[in-house]
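The values are calculated or read from the model by the stated rules, or taken from the named source; none is laboratory data. Owing to the predicted nature of the structure, the values given are computational and were not obtained by experimental measurement. Positions of Cβ are backbone-derived with ideal geometry, glycine not excepted, and every protein chain shown enters the neighbour counts. Side chains included, ligands, DNA and RNA excluded: accessible areas come from the protein's heavy atoms. Shrake-Rupley method; radii C 1.70, N 1.55, O 1.52, S 1.80 Å.
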Amino acid sequence: MANEEKSLNFIEHIIEDDLKNGYSDEQLRFRFPPEPNGYLHIGHASSICLNFGLGERYEAPVNLRFDDTNPEKEEKEFVDAIKRDIEWLGFTWDQECYASDYFQQLYDWAIGLIKAGKAYVDSQSSEEMASQKGTPTEPGTHSPFRNRSIKENLSLFERMKNGEFEEGVHVLRAKIDMASPNMLMRDPILYRVLNKAHHRTNTDWCIYPMYDWAHGQGDYIEQVSHSLCTLEFLPHRELYDWCLDQLVSPEKLRPKQREFARRNLSHTVVSKRKLLQLVNDGVVAGWDDPRMPTISGLRRRGYTPESIRNFADTIGIAKRENLVDVSLLEFHAREHLNKIAPRVMAVLNPLKVVITNYPEGGEEWLDAENNPEDETAGSRKVPFSRTLYIEREDFREQANRKFFRLKLGGEVRLKNGYIIKAESCTKDTDGNIIEVQCTYDPKSKSGSGTEESLRKVKGTLHWVSVAHAIEAEIRIYDRLFTDENPDGHKDRDFMEFVNRDSLKVVTGFLEPSLREAKVGERFQFQRLGYFNVDNDSKPGNLVFNRTVTLRDTWAKIQQKS
Ligand code: ATP
Ligand code: MG
């Protein structure tokens, strides 16, 4: 078994106990059950890694089950996106299942319930039903329709199915206990009429089962051994068990619902409904906007599947909800990208440097290592010439001794190139520096083996040759929300905390090796961060996203402000 060295989480303890108490390895089966009403987000990644991780650990099948019982919000587009995202994360499901595959079976079972006197058609308004629910400390009261005859219930339920009623006129309710301390057991609704076409069953059905009358049943049909869900379903467990009691036969395995805590990420929201609002309100460009905490947004942003899986494995699962800092996710992105991303040079805020003692019109192609973390990554050539760009922030006329970048009279090494010394600079009429004149030491070329090439200077700068540089659109992202927990304010809506400056677009100047960069390819722009080629990129019109900076500057900026 994999992960043997890691200590078991509490779900694994439950499974180990079950294995000791009579379950066989072959009986283990899991499922990941998304509702196709939006795109998967980073919270789902935790559930995916949990379920598929258990599958790997116990060599057990994991089903992908679409929980598609609400045609009002569900769409094929979401089904396809969910499948794409799970595959991209690197997991393979056993069966692809849909709650809608079970509509006929669920209906037949509901008829069985009615015949057993355990379900009835209620013809009250939802307000009337709500007024009878009672409170957690006071019992509810019975519906006047609770004692309808079995015959009348069967007839009405069939007519509901046949489309004879408008929405809301009748519902099917389980007849359990209106005095139960668990409000969910107070005659919960099992079926309602919805005159909506379903993305798979189209208009075959106009009654749809509620979650509680579909989920455990689906688990039972698929013989899922451990049905893992988030904590808000804890009070549903009793109903889950009640529903199973009505159908489980002794020779079949009885699924178990167990709960774990939702994972929340700081500076964002993880709720499909709220993410949909961001899309619909135009706060972001779509579900896969690189600022979104969706799997597709993170993918487009340049995250690797490995970094997301490592993040989910590191935070593990918990019994209590908490807020995980987004910088931990970014840490995992850096950690993996550091190993795999080729290094290149790009200047995003250019300042012109002229090497006055370098021959006019001269050029040479310098050796540059692609990735010091990866011996197999090889090297490339970068062009050097008399006129270069460096970052504006890397030059100051005067600076103290802690400024290891370029200042008048000071020296720096140009990455992969020569040592230069700043001699003078020119300014425009407003006093802005527009050019720095430098001299270079011709013997100091990196890797040339001369004594001068080994000479140590404090700073090393990245640069590009102006004549050879290619221009690209660079998209720089900031947190989507200014507040750490936008969703955590009682009297303020999460939308109030949207960061209106979360996207900045600049023109970058890139070394020419990037001319052929393909959509999705990831790079380290040296000293700046990790960047990838965005979907909007076209040959001759490159667009890059900044995935993450090289260091966690956010925490520092926050401390200062
Ligand atoms: P949302 O509110 O975003 O729609 P959901 O729970 O309704 O979330 P589902 O599609 O029903 O979304 O979720 C599929 C599975 O993923 C469920 O088992 C659910 O419990 C789990 N899940 C959803 N969000 C999280 C989260 N933030 N952390 C961990 N697991 C989650
Ligand atoms: Mg949901």
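Annotations
- Residue count for segment 251-283, restricted to those that are away from ligand 1 (no atom under 16 Å from the Cβ) and open to solvent by less than 40 Å² (accessible area, probe 1.4 Å): 2.
- Segment 270-282 residues that are part of a loop (DSSP other than H, G, I, E, B), paired with ones that are more than 12 Å from ligand 2 (Cβ to nearest atom) (beta carbon under 8 Å, 6 or more apart): VAL270/ILE42; VAL270/ARG263; VAL270/ASN264; VAL270/PRO293; SER271/ASP487; ASP281/MET495
- Subset of segment 21-51 (residues that are out of contact with any Ser or Thr (no Cβ under 9 Å at 6 or more places or on another chain), closer than 28 Å to ASN310 by Cα and part of a loop (DSSP other than H, G, I, E, B)): PRO36, ASN37
- For segment 450-476, a tally of residues being part of a strand (DSSP E or B) and out of contact with any helix residue (DSSP H, G or I) (no Cβ under 7 Å at 6 or more places or on another chain) returns 9.
- Qualifying residue in segment 362-375 (condition: under 26 Å from GLU423 (Cβ atoms) and acidic (Asp, Glu)): yes
- Against the list (1) assigned to a loop (DSSP other than H, G, I, E, B); (2) over 25 Å from the mean Cα position of the chain (by Cα); (3) of a type in the set (A, V, I, L, M), the condition MET292 fails is (2).
- Residue that is at pLDDT 95 or above and within 30 Å of LEU172 (Cα to Cα), where the choices are LEU247, LEU275, LEU231, LEU298: LEU231
- With respect to the stated conditions, ARG413 is modelled with pLDDT of 95 or more, under 30 Å from GLU363 (Cα atoms) and either assigned to a loop (DSSP other than H, G, I, E, B) or open to solvent by 20 Å² or more (accessible area, probe 1.4 Å) (or both).
- Unmet requirement for PRO235, which otherwise passes all of (1) in the same structural domain as GLU56 (by TED's automatic domain parsing); (2) free of Cβ contacts under 8 Å to residues at least 40 places away in the same chain; (3) open to solvent by 40 Å² or more (accessible area, probe 1.4 Å): (2)
- Count - residues of segment 339-351 that are closer than 21 Å to ILE433 by Cα and buried (at least 16 other Cβ atoms within 10 Å of the Cβ): 5
- The residues of segment 333-367 that are of a type in the set (D, E, K, R) and over 30 Å from the mean Cα position of the chain (by Cα), listed by number, are LYS352, GLU360, GLU363, GLU364, ASP367.
- Count - residues of segment 199-219 that are open to solvent by 10 Å² or more (accessible area, probe 1.4 Å) and either in contact with a Leu (Cβ under 7 Å, 6 or more places away or on another chain) or touching a residue at least 12 places away in the same chain (Cβ under 8 Å) (or both): 9
- Residues of segment 140-162 satisfying the condition of being within 42 Å of the chain's Cα centre (by Cα) and exposed (fewer than 15 other Cβ atoms within 10 Å of the Cβ): ASN162
- Looking across TRP93, TRP109, one residue alone is open to solvent by 50 Å² or more (accessible area, probe 1.4 Å) and of a type outside the set (Val, Ile, Thr). It is TRP109.
- Where ASN70 falls short, out of the listed (1) closer than 27 Å to LYS274 by Cα; (2) more than 16 Å from ligand 2 (Cβ to nearest atom): (2)
- Residue in segment 52-66 that is outside any helix (DSSP H, G or I), open to solvent by 20 Å² or more (accessible area, probe 1.4 Å) and either under 18 Å from VAL270 (Cα atoms) or within 15 Å of ligand 1 (Cβ to nearest atom) (or both) present: no
- Complete set of residues in segment 25-67 that are away from ligand 2 (no atom under 16 Å from the Cβ), touching a helix residue (DSSP H, G or I) at 6+ places or on another chain (Cβ under 6 Å) and of a type in the set (D, E, K, R): none
- Flag if ASP101 is surrounded by 14 or more Cβ atoms within 10 Å (Cβ to Cβ) and closer than 30 Å to ILE48 by Cα: yes
- The numbered conditions (1) of a type in the set (Phe, Trp, Tyr); (2) open to solvent by 40 Å² or more (accessible area, probe 1.4 Å); (3) in contact with a strand residue (DSSP E or B) (Cβ under 6 Å, 6 or more places away or on another chain) are all true for PHE10 except (3).
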